[in-house]
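Everything below concerns the one structure shown next.
The values are calculated or read from the model by the stated rules, or taken from the named source; none is laboratory data. Please read these numbers as outputs of a predicted model, since none were measured by experiment. Here the Cβ positions follow ideal geometry from the backbone for every residue, glycine too, while neighbour counts run over all protein chains shown. SASA here: full protein model, heavy atoms, side chains in, ligands and nucleic acids out. Shrake-Rupley method; radii C 1.70, N 1.55, O 1.52, S 1.80 Å.
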Amino acid sequence: MKKLVFATMMCVAAMSAKAQVLTSETVNNVYEEVTNKSKSDYAFNAERQGDDITAMFVYKQVKGRKGNVTLKPHRKYEYTYDANGTLESKVTYIWNENEKNWMTAGRHNYTLTYSSYRAEYSRYNDKEQCFDQPLDRMVYSLIPGDSVNYVSTYHRENPTAQFQLVSETSVMGMPFFLAEK
């Protein structure tokens, strides 16, 4: 459920920018926002392909006794986009200090259709060396004019169980329109 909160946070960030669909511009804006915070325990770096962020690295700042700061790897995010700049997936890696390498943790997939926008979260299965079926799903139902009608959130306890509706919220008031790069 913790991963769903981050997906929700990214979607709220998109909505606040008057964009419902996450795009490369949304990822860039989130990156700029977190890197511009002067008082943070974390430092950030990004790899880009053109204007698009393809990977974001998060480092924990560890302060030494003499006031020096050491950057320790913490998280890594890899992003893929479609031809229009719409975010298709975000893979999360966690730094394994003992093995000194990145361990795959999970993936968010984003799918846009004519009538909906779907965000799903899947954990990585180390034993099978692949991603499991999604555990969490958020569906934005769209109405003509590309604005959101309602948001449905689903969860299942394991990849073989059926999704259960967790919440459904109607969106009223100011419409949020879909964005393209």
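Return yes when Asn45 is within 30 Å of Thr111 (Cβ to Cβ) and touching a residue at least 60 places away in the same chain (Cβ under 8 Å) and no when it is not. Give the derivation first.
Details: within 30 Å of Thr111 (Cβ to Cβ): yes; touching a residue at least 60 places away in the same chain (Cβ under 8 Å): no.
The answer is no for Asn45.
Would you be able to tell me the number of residues in region 108-125 that are touching a residue at least 12 places away in the same chain (Cβ under 8 Å) and open to solvent by 60 Å² or more (accessible area, probe 1.4 Å)?
So the count comes out to 5.
Please indicate, with yes or no, whether at least one residue in region 127-141 is part of a strand (DSSP E or B), open to solvent by 80 Å² or more (accessible area, probe 1.4 Å) and among the aliphatic types (A, V, I, L, M). Don't jump to the end; show me each part of the working.
Going residue by residue through region 127-141, those that are part of a strand (DSSP E or B) are 130-131, 136-141.
Then keep just the ones that are open to solvent by 80 Å² or more (accessible area, probe 1.4 Å); that gives none.
No, region 127-141 has no match at all.
Output the number of residues of region 142-156 satisfying the condition of being of a type in the set (S, T, N, Q) and modelled with pLDDT under 75.
1
What is the one condition in (1) modelled with pLDDT of 75 or more; (2) surrounded by 18 or more Cβ atoms within 10 Å (Cβ to Cβ) that Phe176 does not satisfy?
The failed condition is (1).
Regarding His74, is this residue within 30 Å of Gly50 (Cβ to Cβ) and touching a residue at least 60 places away in the same chain (Cβ under 8 Å)? First the steps, then the outcome.
On the way: within 30 Å of Gly50 (Cβ to Cβ): yes; touching a residue at least 60 places away in the same chain (Cβ under 8 Å): no.
Criteria not met by His74.
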